[in-house]
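*Asks:* Take a look at the following structure, please.
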Amino acid sequence: MNDDKVIIVEGGQDRKRLARILAEPVDIICTNGTVSAYRLEELLAPYEQHELFVLVDADESGDKIRTLFKQEFPDAIHLYTEKVYREVETTPYKVLATILQDAHFNILPEFLT
């Protein structure tokens, strides 16, 4: 596997939030909610050789996407926001920075604690 990383999120606001704190180029792909196995494979086909990270909301929709990922992409690495925040979009930047830093992403210094 090469060094290219891809983060899968549910929506555009999630993508914008993560892009703001990353200090490295990372493709952030939106599922735009629940997707089928076929749609997921189609969406991720260009990223076959990339390391996949899944960061979705801590709710029913996020759980469905995670389950699908575990079936279709068992090597994907799952990152979790704290349940108290429920959504990636409402998770504080510093918390997201810690989650991503723990997964070996480079974070902009202003977001590190």
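*Asks:* Out of all the residues in the range 13-29, is one or more of a type outside the set (K, R), at negative phi, at pLDDT below 95 and in contact with an Asp or Glu (Cβ under 8 Å, 6 or more places away or on another chain)?
*Replies:* Scanning the range 13-29 turns up no residue that is of a type outside the set (K, R), at negative phi, at pLDDT below 95 and in contact with an Asp or Glu (Cβ under 8 Å, 6 or more places away or on another chain).
*Asks:* Here is a further query. Please go through (1) surrounded by 18 or more Cβ atoms within 10 Å (Cβ to Cβ); (2) in a helix (DSSP H, G or I) for L52 and return the number of the only condition it doesn't satisfy.
*Replies:* Unmet condition: (2).
Yes/no matrix, rows are residues, columns are (1) of a type in the set (D, E); (2) touching a strand residue (DSSP E or B) at 6+ places or on another chain (Cβ under 7 Å):
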site: I7; (1), (2): no, yes
site: G11; (1), (2): no, yes
site: A19; (1), (2): no, yes
site: V26; (1), (2): no, yes
site: I29; (1), (2): no, yes
site: E42; (1), (2): yes, no
site: E51; (1), (2): yes, yes
site: E60; (1), (2): yes, no
site: R66; (1), (2): no, yes
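*Asks:* Counting just the residues of the range 8-38 that are under 18 Å from L68 (Cβ atoms) and part of a loop (DSSP other than H, G, I, E, B), which one comes out nearest to the chain's Cα centre (by Cα)?
*Replies:* Only one residue tops the list, namely E10.
*Asks:* Ok, one more. Report every pair of residues separated by at least 6 positions or lying on different chains whose Cβ atoms are under 9 Å apart, first residue within the range 83-101 and in contact (Cβ under 8 Å) with a residue 12 or more places away in the chain and on the phi > 0 side of the Ramachandran plot, second part of a helix (DSSP H, G or I) and surrounded by 15 or more Cβ atoms within 10 Å (Cβ to Cβ).
*Replies:* R86/G62
*Asks:* When the residues of the range 55-74 are filtered to those that are part of a helix (DSSP H, G or I) and free of Cβ contacts under 8 Å to residues at least 24 places away in the same chain, which remaining residue is surrounded by the most Cβ atoms within 10 Å (Cβ to Cβ)? So that I can check it myself, show each step before the final result.
*Replies:* We begin by selecting, within the range 55-74, every residue part of a helix (DSSP H, G or I); these are 60-72.
Still in the running and free of Cβ contacts under 8 Å to residues at least 24 places away in the same chain: 60, 63, 66-67, 70.
Values: E60: 9, D63: 12, R66: 19, T67: 10, K70: 12.
Selected residue: R66.
*Asks:* Right, another one. Would you say Y38 is over 27 Å from P109 (Cα atoms) and either surrounded by 12 or more Cβ atoms within 10 Å (Cβ to Cβ) or of a type in the set (G, A, S) (or both)?
*Replies:* On the way: over 27 Å from P109 (Cα atoms): yes; either surrounded by 12 or more Cβ atoms within 10 Å (Cβ to Cβ) or of a type in the set (G, A, S) (or both): no.
Against the criterion (over 27 Å from P109 (Cα atoms) and either surrounded by 12 or more Cβ atoms within 10 Å (Cβ to Cβ) or of a type in the set (G, A, S) (or both)), Y38 does not qualify.
*Asks:* Additional query: For residues in the range 75-113 being part of a loop (DSSP other than H, G, I, E, B) and hydroxyl-bearing (S, T, Y), which is nearest to G12 (Cα to Cα)?
*Replies:* Going through the range 75-113, the residues part of a loop (DSSP other than H, G, I, E, B) turn out to be 75-76, 81-92, 103-106, 108, 112-113.
Pick out the ones that are also hydroxyl-bearing (S, T, Y) and you get 81, 85, 90-91, 113.
Details: T81: 17, Y85: 17, T90: 13, T91: 14, T113: 26 Å.
For the range 75-113, the residue satisfying everything is T90.
The values are calculated or read from the model by the stated rules, or taken from the named source; none is laboratory data. Since the structure is predicted, the reported quantities are computational estimates derived from the model, not experimental observations. No Cβ is skipped: glycine too gets one built from the backbone with ideal geometry, and neighbour counts run over all protein chains shown.
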